[in-house]
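Asker: Structure below; questions to follow.
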Amino acid sequence: MNHLPFNLREQGYKSLWLGSIVALLIALSPYLFYAYESFPNSKTWETPFFSITSNYNGSVLVFMWVFLGKFVPLYLLIIWFVTCKHWWYHVLLIPIAMYIFQTISVINEDIDYVDEVELYYIIPIMMVVIPIVYFIRIKLFDKVVHGIDLKKIERELEEYEEKEKELKQEASLYNS
């Protein structure tokens with residue numbers, strides 16, 4: 001017999017299903033990458049629904065190989081970002097942004113240079129993400145490792161500032 005309350009059992013089933021779906025998505029990634037082999041080695045691929053013409057890469061097969069070479073790591077990084085429970089998971093936004101720019105540059109076949117200028121577009125993202133992650137790390141490190149409660153320190157500083165203001169007011173009354 002299972003002696004867990006119903007809500008804990010239900011939560012366990014949901015976690016098991018979610019974990020199974022994530023594991024399946026990760027397990028499918030090699031098949032997703034090697035799907036490029038099913039595309040024709042010709043400049044144009046026409047289906048009843050759409051047509052793909054590869055101008056920059058020369059063939060649809062090469063285009064899909066390059067595209068999936070950028071998309072699959074992006075896909076795996078997004079899964080990692082969504083499922084990560086560590087404090088530093090925001091740092092994953094930097095390689096995610098890099099792969100987004102690379103994937104877009106592969107799709108936009110008019111760009112002459114692929115994989116060369118994405119770093120310049122990622123710098124603003126890095127300038128936001130890195131200080132936030134560092135700030136979170138400092139707060140966690142101080143609290144967990146050193147046992148420092150930053151809120152308590154802030155309260156003590158506020159009390160000190162209030163006492164200092166009172167003393168200045170008393171001193172100004174005494175001097176006048």
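Asker: Does Thr44 fit the bill of being over 30 Å from Val133 (Cβ atoms) and either of a type in the set (Ser, Thr, Tyr) or surrounded by 14 or more Cβ atoms within 10 Å (Cβ to Cβ) (or both)?
Answerer: Answer is yes for this residue.
Asker: Something else now. For segment 18-51, which residues satisfy the criterion of being touching a strand residue (DSSP E or B) at 6+ places or on another chain (Cβ under 7 Å) and either farther than 16 Å from Ile107 by Cα or touching a residue at least 12 places away in the same chain (Cβ under 8 Å) (or both)? Spell out the reasoning first.
Answerer: Of the residues in segment 18-51, the ones touching a strand residue (DSSP E or B) at 6+ places or on another chain (Cβ under 7 Å) are 39, 43-45, 51.
Hits for segment 18-51 are Phe39, Lys43, Thr44, Trp45.
Asker: Quick one: what pairs do we get from segment 121-134, first residue free of Cβ contacts under 8 Å to residues at least 60 places away in the same chain and farther than 16 Å from Phe81 by Cβ, second small (Gly, Ala, Ser) and surrounded by 14 or more Cβ atoms within 10 Å (Cβ to Cβ), C-beta under 9 Å, 6+ apart or different chains?
Answerer: Tyr121/Ala97
Asker: Is one or more of the residues making up segment 43-60 modelled with pLDDT of 75 or more, within 22 Å of Tyr31 (Cα to Cα) and in a helix (DSSP H, G or I)?
Answerer: Within segment 43-60 (the criterion being modelled with pLDDT of 75 or more, within 22 Å of Tyr31 (Cα to Cα) and in a helix (DSSP H, G or I)), the answer is yes, since at least one residue qualifies.
The values are calculated or read from the model by the stated rules, or taken from the named source; none is laboratory data. Here the structure is a predicted model, which is why all the values come from computation and not from measurement. A quick note on method: Cβ atoms are made from the backbone with ideal geometry, for glycine too, and the neighbour counts reach across all protein chains shown.
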